[in-house]
Amino acid sequence: NGGYEGWLRYTHIEDAYKREAYSVRCSQLQIMGESPVIHTARTELAAALDTMLGAKPREMNGTGGESFGIIGGTIDSFTRCEARIPEDCHLDELGEDGYVIQAEETGPIWLFAASDNGVLYAVYHLLRLLQTDQPIGKLSIRETPVNGLRMLDHWDNMDGTIERGYAGNSIFFRDNRIVADRDRIRDYARLLASVGINAVAINNVNVHREETKLITEPLLPDVAKVADVFGAYGIRLYLSVNFASPIEIGGLDTADPLHPDVSAWWRAKAKDIYRYVPTFGGYVVKADSEFRPGPFTYGRNHADGANMLADALAPFGGHVIWRCFVYNCLQDWRDRSTDRARAAYDHFKPLDGQFRDNVLLQIKNGPMDFQVREPVSPLFGGLSRTNQLLELQITQEYTGQQRHLCYLVPQWKEALDFDTFARGEGSTVASAASGALFGTKLGGMAAVSNVGDDSCWTGHPLAQANLFGFARLAWNPALGAEEIAAEWTAMTFGADPEAQRVITDMLLDSLTIYESYTAPLGVGWMVNPGHHYGPNVDGYEYSKWGTYHFADCNGIGVDRTVRSGTGYTGQYALPQYERYESLEQCPDELLLFFHHVPYTHKLKSGKTVIQHIYDTRFEGTERAAMLVTRWDSIKRSIDAEIYRLVRERLVQQAEHAKEWRDVLNTYFCRKSGIADELGRTIY
Ligand code: BDP
């Protein structure tokens, strides 16, 4: 039905032989326990098997002596009902969310976990095997998530709009209320749980008047209902809060984090919230950023602010997720010390070690703002005594707004695999974020969701791959971009191998296609101010946001070196610092992020910067057009509605790519006065 079920379609398995092989093992089941999460696991498993195998599985009540069937539960529940546990299962150290799936050629399929969530994840894993056509004869699977926190942030406003949303309106809010019909929220929770998400923040980090009230008593009963919906899928609910709440809703005249009335107000507030929502996850806070209030107003720092909130939540087990997206958005471009790229590190590095252990600093992958190409934020590796959460953007604000195809997993993989060298070679961002690198207590990954009330959730049906992909990476950052794309495609589009291949390849090519017609060589921006869609070369060049490319008739790029620029490169550990500092070693794709060079500068590819700009813009546009042809080639295997939705967007993408090409090529041709070597038409 037009993509609503996402990757959980559970289509009937047509191949009778395969269906029979699965049916033999899966025609009866027993999931032990009674909690809402266990109930979800049981109903999901039964319903999925029913549609895939064409027969409702029987509920059994066995003790492990059965010759077939699925038996699952927490290790405790197995012990309680004295069921047999096969000897060779390694059930130690499964952590909070891990699980084991074990089966011999004959006998039951066992699902074991330490927690109810783990049981649910095991169920989804088993179903994924069936959905992707895997054998289930002998199974010995052991999974534990790499990241403790696997979170989705929603930038939803209570009037129902979504900041940077490209797929309709909010599924949580309408007309300044929480929606009454929560079916859609449940269906969303189901999609998220199936890939291991365990936390959501449902409102925008820019907390305005109406959203500030979410933590007040008239609204908390409805917040609790939403929390329960998510709770049945093992997902904890968080809220973004306004740092100035004590003033705006508390009747105080200050929000100074060190003022005793302010901390008392937040402590009482935490009590209220937990009375209604005992499973409440905590607060997400954007403070002193883009006109949001924060501790700076009172001459306090961000540790003062975060710790005060953390102390209020600590008795209830809540977290403070404090964002590091803090920079001066009213800057003077001539002042090099305020280079926006430096800001997060300059603010937070000196505070390392000063945060409470229920605070996590949420750090965007790059130092600027979710551009198609950025280096990794040097706070990863830079902070060694603070819990961290890597923040990614699934919603495609700067990557085509779900009108252009842009599978972001390869970009995220690059960030996760980046070596900070903070503790020698192999000190990856993935290990810093999870907490493994420095042994910090909490850690994980968060991302801004790309869903709305659109029929397929994400506007562009293929953008679902990003939601899926983020969650899979948050569970295990070592998974490959191709592996994830192939898995998503198989689950979403079914068995046809040709369609699977074409879609997977389109996904994998899409990021480089998008990058090659938009802002070149890591310089970023060049988008229309405000909504950020479409080319506008000087759109941000003469404003105060700190997002410049410095193109003139001689050259382009931002000198961020220690030697002659803003000094940003100095925030990296060796050898990354040297690599970025040196014009010779700096990777081509980030050249203009780190260096200002003449248009005739030769890249490692042998091309000059200007010729690279022309060539890639022409190629990118052609490759965008080819996406339509590739999609058309599999028309017969695709659901008609999805085919139409995707095609419509691909055609638009091809058109808009031409606009990018022409605007950028013309601009650089005029600025540089250098013609295209191949004499192609530049408007
Ligand atoms: C930028 C968005 C803006 C967000 C901000 C943030 O343009 O809408 O509020 O990030 O992350 O990318 O706070």
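The values are calculated or read from the model by the stated rules, or taken from the named source; none is laboratory data. Because the structure is a prediction, the values reported are computed rather than measured. Every residue, glycine among them, receives a Cβ derived from its backbone with ideal geometry; neighbour counts consider all protein chains shown.
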If residue 240 satisfies every condition in (1) closer than 21 Å to residue 316 by Cα; (2) away from the ligand (no atom under 16 Å from the Cβ); (3) of a type in the set (S, T, N, Q) but one, which is the exception? (2)
Could you list, in sequence order, all residues of segment 323-338 that are modelled with pLDDT of 80 or more and out of contact with any Lys or Arg (no Cβ under 9 Å at 6 or more places or on another chain)? 338
Kindly indicate which of 376, 359 is closer than 30 Å to residue 460 by Cβ, of a type outside the set (S, T, N, Q) and more than 15 Å from the ligand (Cβ to nearest atom). 376
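Which one of these is over 30 Å from residue 92 (Cβ atoms) and in a helix (DSSP H, G or I): 228, 159? Before the answer, list the steps.
Details: 159 fails: in a helix (DSSP H, G or I).
Testing whether each residue is over 30 Å from residue 92 (Cβ atoms) and in a helix (DSSP H, G or I) leaves just 228.
Quick one: in segment 266-285, of everything that is over 23 Å from the mean Cα position of the chain (by Cα) and aliphatic (A, V, I, L, M), which residue is surrounded by the most Cβ atoms within 10 Å (Cβ to Cβ)? Walk me through how you get there before you give the answer.
The initial filter retains those residues of segment 266-285 that are over 23 Å from the mean Cα position of the chain (by Cα), namely 266-278.
When the remaining residues are screened for being aliphatic (A, V, I, L, M), the result is 268, 270, 273, 277.
Numbers: 268: 12, 270: 22, 273: 26, 277: 23.
Restricting to residues being over 23 Å from the mean Cα position of the chain (by Cα) and aliphatic (A, V, I, L, M), the top hit is 273.
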Among the residues of segment 41-50, is any surrounded by 19 or more Cβ atoms within 10 Å (Cβ to Cβ), within 33 Å of the chain's Cα centre (by Cα) and outside any helix (DSSP H, G or I)? no
Within the bounds of segment 286-299, is there any residue that is crowded, with 17+ Cβ neighbours inside 10 Å and farther than 25 Å from residue 347 by Cβ? no
Quick check on segment 273-294: of everything there that is at pLDDT 95 or above and among the hydrophobic types (A, V, I, L, M, F, W, C), which residue is farthest from residue 217 (Cα to Cα)? 287
For segment 377-384, check the following and say yes or no: at least one residue is buried (at least 18 other Cβ atoms within 10 Å of the Cβ), in contact with a Ser or Thr (Cβ under 6 Å, 6 or more places away or on another chain) and not in a loop (DSSP other than H, G, I, E, B). yes
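Among 192, 214, which is under 22 Å from residue 165 (Cα atoms), of a type in the set (A, V, I, L, M, F, W, C), in contact (Cβ under 8 Å) with a residue 12 or more places away in the chain and in contact with a strand residue (DSSP E or B) (Cβ under 6 Å, 6 or more places away or on another chain)?
Numbers: 192 fails: in contact with a strand residue (DSSP E or B) (Cβ under 6 Å, 6 or more places away or on another chain).
Just one listed residue meets the conditions, 214.
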Among the numbered conditions (1) more than 15 Å from the chain's Cα centre (by Cα); (2) not in a strand (DSSP E or B), tell me where residue 413 comes up short. (1)
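Please find, among 150, 184, 142, 190, the residue that is assigned to a strand (DSSP E or B) and within 30 Å of residue 225 (Cβ to Cβ).
Numbers: 184 fails: assigned to a strand (DSSP E or B); 142 fails: within 30 Å of residue 225 (Cβ to Cβ); 190 fails: assigned to a strand (DSSP E or B).
After applying the criteria, what remains is 150.
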Residues (within 16 Å of the ligand (Cβ to nearest atom) and under 21 Å from residue 201 (Cβ atoms)) located in segment 347-356: 348
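With 116, 156 as the choices, which residue is among the acidic types (Asp, Glu), touching a strand residue (DSSP E or B) at 6+ places or on another chain (Cβ under 8 Å) and within 16 Å of the ligand (Cβ to nearest atom)?
Details: 116 fails: within 16 Å of the ligand (Cβ to nearest atom).
The conditions single out 156.
Give me a count of the residues in segment 539-582 that are aromatic (Phe, Trp, Tyr) and touching a strand residue (DSSP E or B) at 6+ places or on another chain (Cβ under 6 Å). Before the answer, list the steps.
Keep residues of segment 539-582 that are aromatic (Phe, Trp, Tyr), which gives 540, 542, 545, 548, 550, 568, 572, 577, 580.
Filter again for touching a strand residue (DSSP E or B) at 6+ places or on another chain (Cβ under 6 Å), leaving none.
Total satisfying the criteria: 0.
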Looking only at segment 1-32, filter to residues that are in contact with a Lys or Arg (Cβ under 7 Å, 6 or more places away or on another chain) and assigned to a strand (DSSP E or B); which one of those is nearest to residue 470 (Cα to Cα)? 31
Pull out all pairs, ordered by first then second residue, where Cβ-Cβ is under 7 Å, the residues are six or more apart or on different chains, the first lies in segment 369-385 and is over 19 Å from residue 289 (Cα atoms), and the second is of a type in the set (Asp, Glu) and part of a loop (DSSP other than H, G, I, E, B). 383/352; 384/352; 385/352
Within segment 655-675, does at least one residue satisfy the condition of being aliphatic (A, V, I, L, M), within 28 Å of residue 559 (Cβ to Cβ) and out of contact with any helix residue (DSSP H, G or I) (no Cβ under 9 Å at 6 or more places or on another chain)? yes
As an exercise: evaluate residue 72 against (1) surrounded by fewer than 20 Cβ atoms within 10 Å (Cβ to Cβ); (2) under 29 Å from residue 188 (Cβ atoms); (3) small (Gly, Ala, Ser); (4) out of contact with any Cys (no Cβ under 8 Å at 6 or more places or on another chain) and give the number of the one condition it does not meet. (1)
Can you tell me how many residues within segment 356-373 are out of contact with any helix residue (DSSP H, G or I) (no Cβ under 7 Å at 6 or more places or on another chain) and within 23 Å of residue 529 (Cβ to Cβ)? 5
Is one or more of the residues making up segment 320-342 out of contact with any strand residue (DSSP E or B) (no Cβ under 7 Å at 6 or more places or on another chain), on the phi > 0 side of the Ramachandran plot, within 16 Å of the ligand (Cβ to nearest atom) and of a type in the set (D, E, K, R)? no
Any residue in segment 316-336 that's over 24 Å from residue 376 (Cα atoms) and in a strand (DSSP E or B): show its pairings with residues that are of a type outside the set (Val, Ile, Thr) and near the ligand (Cβ under 10 Å from one of its atoms) at Cβ separation under 7 Å, as long as the two are six or more apart or on different chains. none
Just to be sure before I move on: is residue 258 within 16 Å of the ligand (Cβ to nearest atom) and either surrounded by 17 or more Cβ atoms within 10 Å (Cβ to Cβ) or among the hydrophobic types (A, V, I, L, M, F, W, C) (or both) in the structure I sent? no
